[in-house]
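The values are calculated or read from the model by the stated rules, or taken from the named source; none is laboratory data. Keep in mind the model is a prediction, meaning the values are calculated, not measured. Cβ coordinates were reconstructed from backbone atoms using ideal geometry, including for glycine residues, and neighbour counts include every protein chain displayed. The protein model used for the area step is the full one, side chains on, heavy atoms only, and it has no ligands, DNA or RNA in it. Shrake-Rupley method; radii C 1.70, N 1.55, O 1.52, S 1.80 Å.
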Amino acid sequence: MIPSPPRLTEALSALRDQVAAVPLALVTAGRDDAVRTARGVTDQIDDYLLPRLRDLDAPLLTVVGGSTGAGKSTLVNSLVGAPVTTAGVLRPTTRAPVLVCARADAASFSGDRVLPGLARVTGGDGGPGTLQLVVRDDVPAGLAVLDAPDVDSVVTANRDLAGQLLAAADLWVFVTTAARYADAVPWDLLRTAEQRGTALAVVLDRVPPEAAAEISADLAAMLRDAGLASARLFVVEERPLEDGRLPEDQVAPLRGWLHGLAADQEQRAAVVRQTLAGALDSLQQRTAAVAAAVEEQRVAAAALQEAAAAAYDAARDGVDQGVRSGSLLRGEVLARWQEFVGTGEWMRSLQSRVGRVRDRVAAALTGRPAPAESLQGALESSVEQLLRAEADRAAERTVTAWRALPAGPGLLGDRERELAAASPDFPEAAAAQVRDWQGVVLDLVRSEGADKRSRARLLSWGVSGTGAVVMVAVFAQTGGLLGGEVAVAGGTTAVGQRVLEAVFGDAAVRSLAERARADLGERSEALLRYEQDRFDGLVEAVAPPPGAAEELRATAAALVGARGA
């Protein structure tokens, strides 16, 4: 039973909008089927269910469909008794669908109530995207016949349109031939009719007269086995055409049946109720298939994000290891540290405020920065290189992992090369963060010595130098150093640290190093988080939101509730 439309049409509209908005952009095993299913649901709601529910007494829309060369157009012309649609040997013959109706019913089809996506044309073929409307005085009121494109057309747009038109029909008249009635394509469509409960008639065309009984019995058995025993079967024997139309005795049974439906309002209403109820019944299962695909999309999106997270977690670990292992105290940093501490420059400077002036004068005369500034510059470069290396490595790992996932290549697209390295502005951002970190370290030194006035005098010139020692202490875990490097870097760091401890105290120095390390860690995390967001953003832009599948199922369940109201 079909309830009064208002509540049901509201529920249908809600389901239509939600299915149309479902994101199915990621490549997954069931994505293509789900896209077709979602499109089929929205098309059928737009083209058939909503228009039919709003006008239950509208004329019976009979769609004549079938395989290439089955004789659909010839059958339509024969039913009408006039050449209303083009029949011929060239394929595809039917470019735009042709709808034939009585003059009294023209208003029901001239607007966009039925098949709103197709523009109406009269007086000739309007081409793709149109519906040719033919008004005839000899067609009975209450009946419209539509000649659809081939369901197996070589033109993809024709195949899609044929499926859309069949879904918009109150009644299918499916045409096949004695030579092709067992083909896969016709049975795919017939199974669809069974699943949706569509009212169906099957025309078996071009049947050799001597084999008519045998072939029709075989097809009738196949229909029963497929759950389509209620389908009306009409047999058209292979006979010469008369003025391009089938012999009258061959087409009369089908025409008489259709005209009888048009004349009998109760029978016509029964056909409409059958197809309408069947289409509504099918929506929950079809929506469930789309919801399952949405969950598959969520799983695919999670796999992509997990791959990116693993790559950038490894980068974070790499930065932390590089900071704690002492590996940054090699090369230029080690040379500058030896220059700064190994020569005793810093120790002598601590003993006299003249040291600050001497360093500045020497720097001005030689063009070389003071040892503390050289050390800070070397540290800056070393940390920046570490960050860049880990960011590049994480980007490359993510791209490699995504290539191995079904949804990855399509998401990378033509940006793959760009995404395989750190973003172009990363070096500048990393350098800025390291400089800011060094400034924070100096601020920590200043704030730590602020309440120690007697010792502040000793260090008033040496904030930069003291900060440099704190920075080195952050990296002086010596795990990455060997042999003489330990003696020079570790040993001299210990000397510098003991002096700092004498000035600030043991706990304060440990606190300075830990606070400096924590601040550097936060800055590194922010930089790598920004880089990871490039990949997460790509996924989030196309992935279904959390709960999308559940919402889709709930909307389909609400439709069931609206039908039972």
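Just a few scattered comments:
- Cβ-Cβ FRET estimate between Asp160 and Asp55, R0 fixed at 22 Å, reported to 0.05: 0.25
- Linear extension gain, Gln265 paired with Arg39, 0.36 nm per residue minus alpha-carbon span: 78.1 nm
- Here the contact order of the range 143-244, divided by its residue count and restricted to Cα pairs under 8 Å and six or more residues apart, works out to 24 percent.
- Probe 1.4 Å, protein heavy atoms only - accessible area per residue of the range 98-253 in square angstrom: 43
- Gained length - Ala302 relative to Arg191, 0.36 nm times residue gap less alpha-carbon distance: 36.4 nm
- Our estimate of slack between Asp183 and Ala21, defined as 0.36 nm per intervening residue step minus the Cα-Cα distance, is 54.8 nm.
- Remark on Asp150: its backbone amide H falls under 5 Å from those of Thr94, a criterion applied only to residues 5 or more positions apart or on other chains, H modelled at 1.01 Å from N.
- Three-way shape call for the range 1-152 based on the alpha-carbon gyration tensor, with the a/c threshold at 1.5: oblate
- Over the range 182-336, relative contact order from alpha-carbon pairs under 8 Å, at least 6 apart, %: 24
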